[in-house]
Amino acid sequence: MTESLLLSAPAGGPSGPPGPPGPAERVLPLRRPGRWVAGIAVLVLVSQAAHGLITNPFYQWDRFAYWFTRPVILDGLLITLQVAAYSAVLGLAGGILLALGRLSGSPVLRSVSWTYIWLLRSVPLIVVLLFLYNLSALYPTLSIGVPFGPAFLTFDESRLATDMVVAVVGLGLSEAAYAAEIVRAGVLSVDQGQHEAAAALGLPKRYQFARIVLPQALRSIVPSYVNQLIGLLKATSLVFYVSLLDLFGSVQSLGSTYPGDVVPLLLVATVWYVILTSLVSVVQYYVERHYARGALRTPVPTPLQRARAGLRDLRIRYRKETAR
(Lines give C-alpha, C1' and ligand atoms only; values in the text may rest on other atoms or scores of the structure.)
Protein backbone atom coordinates (compact mmCIF):
# COMPACT_ATOMS: atom_id res chain seq x y z
CA MET A 1 0.00 0.00 0.00
CA THR A 2 1.37 3.40 -1.01
CA GLU A 3 1.78 5.77 1.90
CA SER A 4 0.51 9.27 1.14
CA LEU A 5 -0.44 12.63 2.66
CA LEU A 6 -3.87 14.22 2.16
CA LEU A 7 -3.54 17.96 1.68
CA SER A 8 -7.20 18.80 2.30
CA ALA A 9 -9.42 18.20 5.36
CA PRO A 10 -13.00 16.86 5.27
CA ALA A 11 -15.73 19.41 4.76
CA GLY A 12 -17.30 19.18 8.26
CA GLY A 13 -15.67 19.66 11.67
CA PRO A 14 -14.28 16.84 13.71
CA SER A 15 -17.60 16.31 15.53
CA GLY A 16 -20.09 18.31 13.48
CA PRO A 17 -22.33 17.11 10.68
CA PRO A 18 -20.72 16.59 7.31
CA GLY A 19 -20.90 19.57 5.04
CA PRO A 20 -21.11 19.78 1.29
CA PRO A 21 -18.43 17.91 -0.61
CA GLY A 22 -15.29 19.96 -1.04
CA PRO A 23 -12.83 20.02 -3.90
CA ALA A 24 -11.09 16.83 -5.01
CA GLU A 25 -8.45 15.77 -2.56
CA ARG A 26 -4.90 15.97 -3.78
CA VAL A 27 -2.76 12.96 -2.83
CA LEU A 28 1.02 13.22 -2.72
CA PRO A 29 3.27 10.24 -2.08
CA LEU A 30 5.65 10.37 0.84
CA ARG A 31 9.15 11.33 -0.16
CA ARG A 32 11.90 8.84 0.54
CA PRO A 33 15.26 10.63 0.23
CA GLY A 34 17.14 7.71 1.81
CA ARG A 35 16.11 5.43 -1.03
CA TRP A 36 17.37 7.90 -3.64
CA VAL A 37 20.65 8.41 -1.81
CA ALA A 38 21.23 4.66 -1.52
CA GLY A 39 20.42 4.11 -5.18
CA ILE A 40 22.78 6.86 -6.33
CA ALA A 41 25.57 5.54 -4.10
CA VAL A 42 25.17 2.02 -5.49
CA LEU A 43 25.18 3.33 -9.08
CA VAL A 44 28.37 5.28 -8.40
CA LEU A 45 30.11 2.23 -6.93
CA VAL A 46 28.98 -0.02 -9.80
CA SER A 47 30.10 2.49 -12.43
CA GLN A 48 33.50 2.84 -10.75
CA ALA A 49 33.96 -0.93 -10.64
CA ALA A 50 32.94 -1.27 -14.31
CA HIS A 51 35.26 1.58 -15.32
CA GLY A 52 38.18 0.00 -13.48
CA LEU A 53 37.45 -3.39 -15.00
CA ILE A 54 37.38 -2.04 -18.53
CA THR A 55 40.24 0.48 -18.43
CA ASN A 56 42.76 -1.39 -16.26
CA PRO A 57 45.51 -2.64 -18.63
CA PHE A 58 46.38 -5.42 -16.19
CA TYR A 59 43.38 -7.44 -17.42
CA GLN A 60 44.73 -7.48 -21.02
CA TRP A 61 41.37 -7.66 -22.75
CA ASP A 62 43.03 -8.10 -26.14
CA ARG A 63 44.61 -11.34 -24.93
CA PHE A 64 41.26 -12.33 -23.42
CA ALA A 65 39.61 -11.96 -26.83
CA TYR A 66 42.43 -14.00 -28.39
CA TRP A 67 42.09 -16.93 -25.98
CA PHE A 68 38.32 -16.94 -25.53
CA THR A 69 37.47 -19.09 -28.58
CA ARG A 70 40.77 -20.86 -29.13
CA PRO A 71 40.35 -24.57 -30.01
CA VAL A 72 42.20 -25.69 -26.88
CA ILE A 73 39.75 -23.74 -24.71
CA LEU A 74 36.72 -25.06 -26.58
CA ASP A 75 38.01 -28.63 -26.31
CA GLY A 76 38.33 -28.20 -22.55
CA LEU A 77 34.84 -26.68 -22.45
CA LEU A 78 33.45 -29.72 -24.26
CA ILE A 79 35.06 -32.06 -21.73
CA THR A 80 33.59 -29.97 -18.90
CA LEU A 81 30.12 -30.31 -20.40
CA GLN A 82 30.52 -34.05 -20.91
CA VAL A 83 31.74 -34.67 -17.37
CA ALA A 84 28.99 -32.49 -15.89
CA ALA A 85 26.23 -34.14 -17.96
CA TYR A 86 27.30 -37.72 -17.27
CA SER A 87 27.88 -37.02 -13.59
CA ALA A 88 24.50 -35.30 -13.24
CA VAL A 89 22.66 -38.28 -14.72
CA LEU A 90 24.63 -40.75 -12.61
CA GLY A 91 24.20 -38.63 -9.49
CA LEU A 92 20.45 -38.15 -9.95
CA ALA A 93 19.86 -41.86 -10.60
CA GLY A 94 21.94 -42.80 -7.58
CA GLY A 95 20.26 -40.11 -5.48
CA ILE A 96 16.78 -41.45 -6.27
CA LEU A 97 17.84 -44.98 -5.30
CA LEU A 98 19.45 -43.76 -2.08
CA ALA A 99 16.41 -41.65 -1.20
CA LEU A 100 14.12 -44.63 -1.74
CA GLY A 101 16.47 -46.68 0.41
CA ARG A 102 16.25 -44.15 3.24
CA LEU A 103 12.47 -44.09 2.96
CA SER A 104 12.23 -47.89 2.73
CA GLY A 105 10.77 -50.04 5.47
CA SER A 106 13.82 -52.30 5.35
CA PRO A 107 16.28 -51.50 8.15
CA VAL A 108 19.14 -52.85 6.01
CA LEU A 109 18.39 -50.49 3.10
CA ARG A 110 17.92 -47.56 5.47
CA SER A 111 21.20 -48.22 7.25
CA VAL A 112 23.23 -48.74 4.08
CA SER A 113 21.75 -45.64 2.41
CA TRP A 114 22.33 -43.49 5.49
CA THR A 115 25.92 -44.73 5.82
CA TYR A 116 26.68 -44.01 2.16
CA ILE A 117 25.24 -40.50 2.37
CA TRP A 118 27.03 -39.77 5.64
CA LEU A 119 30.38 -41.03 4.32
CA LEU A 120 30.34 -39.37 0.88
CA ARG A 121 29.18 -36.03 2.29
CA SER A 122 31.97 -36.16 4.88
CA VAL A 123 34.83 -36.83 2.45
CA PRO A 124 36.06 -33.93 0.25
CA LEU A 125 35.48 -34.41 -3.46
CA ILE A 126 39.17 -34.07 -4.30
CA VAL A 127 39.93 -36.99 -1.94
CA VAL A 128 37.31 -39.15 -3.68
CA LEU A 129 38.78 -38.35 -7.09
CA LEU A 130 42.36 -39.03 -6.02
CA PHE A 131 41.33 -42.27 -4.31
CA LEU A 132 39.59 -43.52 -7.47
CA TYR A 133 42.52 -42.38 -9.61
CA ASN A 134 44.85 -44.62 -7.56
CA LEU A 135 42.36 -47.45 -7.13
CA SER A 136 44.33 -49.73 -9.46
CA ALA A 137 47.05 -49.96 -6.81
CA LEU A 138 44.53 -51.55 -4.41
CA TYR A 139 42.49 -53.56 -6.91
CA PRO A 140 44.51 -54.39 -10.05
CA THR A 141 41.65 -56.51 -11.42
CA LEU A 142 37.87 -56.52 -11.09
CA SER A 143 35.82 -59.67 -11.46
CA ILE A 144 32.21 -60.81 -11.73
CA GLY A 145 31.23 -64.20 -10.31
CA VAL A 146 29.83 -66.03 -7.34
CA PRO A 147 30.30 -64.11 -4.06
CA PHE A 148 33.18 -65.66 -2.12
CA GLY A 149 33.51 -68.15 -5.00
CA PRO A 150 34.94 -68.47 -8.50
CA ALA A 151 35.02 -65.51 -10.90
CA PHE A 152 33.42 -65.76 -14.33
CA LEU A 153 34.69 -62.49 -15.88
CA THR A 154 37.84 -60.56 -14.99
CA PHE A 155 38.65 -56.98 -16.04
CA ASP A 156 41.90 -55.05 -15.98
CA GLU A 157 41.11 -52.05 -13.78
CA SER A 158 43.87 -49.91 -15.28
CA ARG A 159 42.30 -50.21 -18.75
CA LEU A 160 38.75 -49.83 -17.53
CA ALA A 161 39.31 -46.73 -15.36
CA THR A 162 40.21 -44.07 -17.90
CA ASP A 163 40.55 -40.43 -16.86
CA MET A 164 37.01 -39.69 -18.07
CA VAL A 165 35.57 -42.69 -16.21
CA VAL A 166 37.37 -41.74 -12.99
CA ALA A 167 36.10 -38.16 -13.21
CA VAL A 168 32.50 -39.14 -13.98
CA VAL A 169 32.33 -41.90 -11.36
CA GLY A 170 33.95 -39.72 -8.68
CA LEU A 171 31.67 -36.77 -9.30
CA GLY A 172 28.63 -39.01 -9.72
CA LEU A 173 29.20 -40.88 -6.47
CA SER A 174 29.62 -37.65 -4.54
CA GLU A 175 26.68 -36.02 -6.30
CA ALA A 176 24.40 -38.96 -5.47
CA ALA A 177 24.86 -38.39 -1.74
CA TYR A 178 23.64 -34.78 -1.99
CA ALA A 179 20.93 -35.56 -4.54
CA ALA A 180 19.54 -38.25 -2.23
CA GLU A 181 18.78 -35.73 0.50
CA ILE A 182 17.22 -33.34 -2.01
CA VAL A 183 14.98 -36.06 -3.43
CA ARG A 184 14.07 -37.32 0.04
CA ALA A 185 13.12 -33.82 1.17
CA GLY A 186 10.98 -33.38 -1.95
CA VAL A 187 9.16 -36.67 -1.37
CA LEU A 188 8.53 -35.80 2.28
CA SER A 189 7.10 -32.43 1.21
CA VAL A 190 4.20 -34.17 -0.56
CA ASP A 191 1.07 -34.21 1.59
CA GLN A 192 0.50 -37.49 3.40
CA GLY A 193 -3.01 -37.61 2.00
CA GLN A 194 -1.57 -38.01 -1.49
CA HIS A 195 0.32 -41.13 -0.38
CA GLU A 196 -2.82 -42.51 1.25
CA ALA A 197 -4.95 -41.76 -1.81
CA ALA A 198 -2.42 -43.48 -4.08
CA ALA A 199 -2.38 -46.51 -1.81
CA ALA A 200 -6.20 -46.57 -1.69
CA LEU A 201 -6.31 -46.83 -5.48
CA GLY A 202 -4.46 -50.13 -5.23
CA LEU A 203 -1.60 -49.01 -7.47
CA PRO A 204 1.76 -50.76 -7.20
CA LYS A 205 4.42 -48.92 -5.24
CA ARG A 206 6.44 -48.00 -8.32
CA TYR A 207 3.38 -46.43 -10.00
CA GLN A 208 2.49 -44.56 -6.83
CA PHE A 209 5.95 -43.04 -6.80
CA ALA A 210 6.31 -42.40 -10.54
CA ARG A 211 2.80 -41.12 -11.31
CA ILE A 212 1.58 -39.41 -8.15
CA VAL A 213 4.34 -38.69 -5.64
CA LEU A 214 7.29 -37.75 -7.87
CA PRO A 215 5.48 -35.19 -10.10
CA GLN A 216 4.39 -33.28 -6.98
CA ALA A 217 7.78 -33.65 -5.32
CA LEU A 218 9.52 -32.19 -8.35
CA ARG A 219 8.22 -28.72 -7.43
CA SER A 220 10.46 -28.88 -4.36
CA ILE A 221 13.26 -30.94 -5.92
CA VAL A 222 13.96 -28.89 -9.04
CA PRO A 223 15.14 -25.58 -7.46
CA SER A 224 17.43 -27.30 -4.97
CA TYR A 225 18.80 -29.81 -7.46
CA VAL A 226 19.52 -27.16 -10.09
CA ASN A 227 21.55 -25.29 -7.47
CA GLN A 228 23.37 -28.58 -6.90
CA LEU A 229 23.96 -28.86 -10.65
CA ILE A 230 25.54 -25.42 -10.68
CA GLY A 231 27.85 -26.56 -7.91
CA LEU A 232 28.61 -29.73 -9.89
CA LEU A 233 29.42 -27.68 -12.96
CA LYS A 234 31.98 -25.70 -11.02
CA ALA A 235 33.27 -28.83 -9.25
CA THR A 236 34.34 -30.25 -12.62
CA SER A 237 37.38 -27.98 -12.30
CA LEU A 238 38.79 -30.56 -9.86
CA VAL A 239 39.14 -33.24 -12.55
CA PHE A 240 42.34 -31.47 -13.57
CA TYR A 241 43.94 -33.30 -10.64
CA VAL A 242 43.17 -36.68 -12.23
CA SER A 243 44.90 -35.68 -15.49
CA LEU A 244 41.75 -34.70 -17.38
CA LEU A 245 42.11 -31.39 -19.20
CA ASP A 246 38.72 -29.76 -18.85
CA LEU A 247 38.14 -26.02 -19.13
CA PHE A 248 40.02 -25.17 -15.94
CA GLY A 249 42.71 -27.74 -16.71
CA SER A 250 43.29 -26.21 -20.14
CA VAL A 251 43.55 -22.75 -18.58
CA GLN A 252 46.01 -24.05 -15.98
CA SER A 253 48.13 -25.73 -18.64
CA LEU A 254 48.18 -22.66 -20.87
CA GLY A 255 48.98 -20.44 -17.89
CA SER A 256 52.08 -22.52 -17.21
CA THR A 257 53.14 -22.23 -20.86
CA TYR A 258 52.28 -18.52 -21.20
CA PRO A 259 52.86 -17.00 -17.74
CA GLY A 260 52.20 -13.49 -19.03
CA ASP A 261 48.61 -14.45 -19.90
CA VAL A 262 47.57 -15.91 -16.56
CA VAL A 263 45.05 -13.17 -15.78
CA PRO A 264 43.36 -13.18 -19.23
CA LEU A 265 43.15 -16.97 -19.13
CA LEU A 266 41.53 -16.90 -15.70
CA LEU A 267 39.05 -14.35 -17.03
CA VAL A 268 38.32 -16.69 -19.94
CA ALA A 269 37.51 -19.52 -17.53
CA THR A 270 35.43 -17.17 -15.37
CA VAL A 271 33.32 -15.92 -18.27
CA TRP A 272 32.70 -19.41 -19.62
CA TYR A 273 31.61 -20.67 -16.20
CA VAL A 274 29.29 -17.66 -15.85
CA ILE A 275 27.77 -18.43 -19.26
CA LEU A 276 27.23 -22.09 -18.42
CA THR A 277 25.66 -21.41 -15.02
CA SER A 278 23.44 -18.73 -16.56
CA LEU A 279 22.16 -21.22 -19.15
CA VAL A 280 21.42 -23.71 -16.38
CA SER A 281 19.54 -20.99 -14.49
CA VAL A 282 17.42 -20.26 -17.58
CA VAL A 283 16.54 -23.94 -17.89
CA GLN A 284 15.71 -23.98 -14.16
CA TYR A 285 13.28 -21.07 -14.61
CA TYR A 286 11.28 -22.79 -17.34
CA VAL A 287 11.29 -26.20 -15.60
CA GLU A 288 10.02 -24.59 -12.37
CA ARG A 289 7.35 -22.77 -14.35
CA HIS A 290 6.29 -26.04 -15.98
CA TYR A 291 5.89 -27.93 -12.70
CA ALA A 292 4.17 -24.97 -11.00
CA ARG A 293 1.16 -25.20 -13.32
CA GLY A 294 -0.81 -27.30 -10.85
CA ALA A 295 0.05 -25.09 -7.87
CA LEU A 296 -0.57 -21.60 -9.32
CA ARG A 297 -3.78 -20.43 -10.91
CA THR A 298 -1.91 -18.00 -13.13
CA PRO A 299 1.57 -19.06 -14.29
CA VAL A 300 4.36 -16.60 -13.71
CA PRO A 301 4.94 -14.66 -16.97
CA THR A 302 8.16 -15.28 -18.81
CA PRO A 303 10.61 -12.40 -19.46
CA LEU A 304 9.42 -12.30 -23.08
CA GLN A 305 5.79 -12.05 -21.98
CA ARG A 306 6.71 -9.28 -19.53
CA ALA A 307 8.49 -7.38 -22.29
CA ARG A 308 5.46 -7.71 -24.57
CA ALA A 309 3.14 -6.53 -21.80
CA GLY A 310 5.40 -3.53 -21.16
CA LEU A 311 5.40 -2.58 -24.85
CA ARG A 312 1.63 -2.97 -24.99
CA ASP A 313 1.20 -0.63 -22.00
CA LEU A 314 3.49 1.93 -23.62
CA ARG A 315 1.45 1.81 -26.82
CA ILE A 316 -1.80 2.29 -24.89
CA ARG A 317 -0.38 5.28 -23.02
CA TYR A 318 0.96 6.79 -26.23
CA ARG A 319 -2.42 6.48 -27.92
CA LYS A 320 -4.16 8.09 -24.96
CA GLU A 321 -1.71 10.99 -24.95
CA THR A 322 -2.03 11.55 -28.70
CA ALA A 323 -5.85 11.33 -28.51
CA ARG A 324 -6.06 14.30 -26.07
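Tell me the carbon and sulfur percent of the accessible area for the range 25-99, rounded to whole percent, probe radius 1.4 Å. Numbers along the way, then the final one.
Details: 3830 of 5330 Å².
Summing carbon and sulfur atoms, their accessible area is 72 percent of the total for the range 25-99.
Using a 1.4 angstrom probe on the protein heavy atoms only, could you order Trp272, Trp118, Trp67, Trp61 from most to least accessible area?
On the way: Trp272 35, Trp118 135, Trp67 10, Trp61 85 Å².
The residues order as Trp118, Trp61, Trp272, Trp67, largest area first.
Given a 1.4 Å probe, how much area per residue of the range 43-176 is accessible, in Å²? Show your work: numbers first, answer last.
Details: 8530 Å² over 134 residues.
It amounts to 64 Å² per residue over the range 43-176.
Hey, what do the phi angles of the range 160-174 turn into as Karplus ³J(HN,Hα) couplings, whole Hz, using 6.51/-1.76/1.60 and θ = phi - 60°, x for Gly and Pro?
6, 8, 6, 4, 5, 5, 4, 5, 5, 5, x, 5, x, 5, 5
With a 1.4 Å probe and every protein chain kept in, tell me what percent of the accessible surface of the range 183-307 is carbon plus sulfur.
Numbers: 4260 of 7020 Å².
Carbon with sulfur: 61 percent of the solvent-accessible area.
Can you send over the solvent-accessible area of Tyr133, 1.4 Å probe, protein chains only, in Å² to the nearest 10?
In the full protein context, Tyr133 sits at about 90 Å².
Sorted by accessible area (1.4 Å probe), largest first, how do Val226, Val46 line up? Present the calculation step by step, with values, prior to reporting the outcome.
Working: Val226 15, Val46 90 Å².
Ranked list, largest accessible area first: Val46, Val226.
Using a 1.4 Å probe, how large is the accessible area of Glu196, given in Å² and rounded to the nearest 10?
My reading of the accessible area for Glu196 is about 110 Å².
Hey, what's the range 241-285 come to in accessible area per residue, 1.4 Å probe, Å²? Before the final figure, lay out each step's value.
Values: 2090 Å² over 45 residues.
Dividing the accessible area of the range 241-285 by its residue count gives 46 Å².
The values are calculated or read from the model by the stated rules, or taken from the named source; none is laboratory data. Note that this is a predicted model, so its numbers are computed, not measured. Heavy atoms of the whole protein, side chains included, go into the accessibility calculation; ligands, DNA and RNA do not. Shrake-Rupley method; radii C 1.70, N 1.55, O 1.52, S 1.80 Å.
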